[in-house]
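Quick notes on the structure that follows.
The values are calculated or read from the model by the stated rules, or taken from the named source; none is laboratory data. Quick caveat: nothing in here was measured; it's all calculated off a predicted structure. We place every Cβ from the backbone using ideal geometry, glycine too, and count neighbours over all the protein chains shown.
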Amino acid sequence: MSDLASDTAMVLAAGLGKRMRPLTASQPKPMVRVGGKPLIDHALDRLVAAGVARAVVNVHYLAGALEAHLRERKAPAITISDERAQLLETGGGMVKALPHLPDPFFSLNADNIWLDGPRNAFHDLSLMWDAERMDALLLLVPHARAMNFSGPGDFHMDALGRLSRRKPGRIAPFIYTGIQLVSHRLMRDAPEGPFSTNVLWNRAIEEGRLFGTSFTGQWFEVGTPEAIAPTEEALRRG
């Protein structure tokens with residue numbers, strides 16, 4: 001019996017990758033290689049290692065190249081959510097894929113790279129998950145564990161794990177890693193078309209139903225070409 005809260009993850013892979021130019025001029029960002037393999041394979045390999053059996057991957061920019069690459073993989077079992085007609089952003093992408101996603105489901109960005117701590121990221125989320133209290137549970141990392149990251153942070157977290165937003169002009173102690181566990185309740189009455197998951201998170205914050213847990217490993221921001229070399233060096237050190 002798995003101790004994971006879900007056997008399925010949504011992998012957000014449809015973005016244009018503008019910050020990663022010129023490397024994304026001729027390939028989608030999830031295909032940019034770091035440490036000898038495409039970014040999306042880092043994410044999918046972590047899903048397999050954790051025991052997550054299925055992945056729903058959304059595609060838009062240079063979708064054919066990404067689909068061809070994914071067909072070569074044996075695991076996890078992959079379902080494509082096709083956004084060629086319209087890029088739907090993070091929230092809209094999840095709404096479109098919802099028929100393929102159980103309740104709850106993991107969600108992660110296709111460009112995520114991390115080194116697990118004592119437990120892997122998906123078990124960390126599963127251990128804290130409480131469907132009665134939570135619409136979403138975000139994996140957060142303190143600044144000291146966020147490599148290549150220089151921003152002011154995203155969230156404050158109270159003693160129960162409940163989240164609030166960073167105040168303007170202030171620094172918040174926790175950064176969102178791009179990994180979360182999501183209830184279908186978060187997606188209710190969602191807007192149509194493209195929108196950010198932030199819209200749904202804001203409602204969950206108001207209702208006291210957006211939670212976080214602090215990641216015990218290291219997380220790497222790999223948003224620009226300049227971040228690749230230091231990330232590769234850290235991965236070599238392990």
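Quick notes on this one:
- Only residues that are aromatic (F, W, Y) and under 15 Å from the mean Cα position of the chain (by Cα) were counted across the stretch 189-210, and they come to 1.
- Residue list for the stretch 151-172, filter: exposed (fewer than 15 other Cβ atoms within 10 Å of the Cβ) and not basic (K, R): G151, P152, D158, A159, L160, S164, P168, G169, I171
- Filter pass, F215 being over 21 Å from G91 (Cα atoms), buried (at least 20 other Cβ atoms within 10 Å of the Cβ) and of a type outside the set (S, T, N, Q): yes
- Some residue of the stretch 95-108 being out of contact with any Phe, Trp or Tyr (no Cβ under 6 Å at 6 or more places or on another chain), among the basic types (K, R) and in contact (Cβ under 8 Å) with a residue 60 or more places away in the chain: no
- Hits in the stretch 175-191 - residues which are under 13 Å from G93 (Cβ atoms) and either hydroxyl-bearing (S, T, Y) or surrounded by fewer than 14 Cβ atoms within 10 Å (Cβ to Cβ) (or both): P191
- Any hit, the stretch 198-205, residues being buried (at least 18 other Cβ atoms within 10 Å of the Cβ), closer than 29 Å to T8 by Cβ and of a type in the set (S, T, N, Q): no
- Restricting the stretch 27-40 to residues that are in contact (Cβ under 8 Å) with a residue 24 or more places away in the chain and more than 19 Å from M94 (Cβ to Cβ) leaves a set whose member that is surrounded by the most Cβ atoms within 10 Å (Cβ to Cβ) is L39.
- Test set (1) closer than 23 Å to K29 by Cα; (2) not in a helix (DSSP H, G or I) - P118 fails condition number: (1)
- For the stretch 136-167, the set of residues classified as farther than 14 Å from E221 by Cβ and over 17 Å from the mean Cα position of the chain (by Cα) consists of H156, M157, D158, A159, L160, G161, R162, L163, S164, R165, R166, K167, listed by residue number.
- For beta carbons closer than 9 Å, sequence separation of 6+ or different chains, a first residue in the stretch 167-190 that is farther than 22 Å from L44 by Cα and a second that is in a helix (DSSP H, G or I) and of a type in the set (D, E), there are no qualifying pairs.
- Wholly within the stretch 71-115, strands (runs of 3 or more DSSP E) carrying at least 3 residues that are hydroxyl-bearing (S, T, Y) and farther than 20 Å from V32 by Cα: none
- One residue from D7, D45 being under 17 Å from G178 (Cβ atoms), among the acidic types (D, E), surrounded by fewer than 20 Cβ atoms within 10 Å (Cβ to Cβ) and at pLDDT 95 or above: D45
- For the stretch 46-62, a tally of residues being under 19 Å from the mean Cα position of the chain (by Cα), under 16 Å from L87 (Cα atoms) and not β-branched (V, I, T) returns 3.
- Count of residues meeting criterion [aliphatic (A, V, I, L, M), surrounded by fewer than 22 Cβ atoms within 10 Å (Cβ to Cβ) and within 15 Å of F211 (Cβ to Cβ)] in the stretch 95-130: 2
- Every residue from the stretch 131-146 that is in contact with a strand residue (DSSP E or B) (Cβ under 8 Å, 6 or more places away or on another chain) and either crowded, with 19+ Cβ neighbours inside 10 Å or not in a strand (DSSP E or B) (or both): R133, M134, D135, A136, L137, L138, L139, L140, V141, H143, R145, A146
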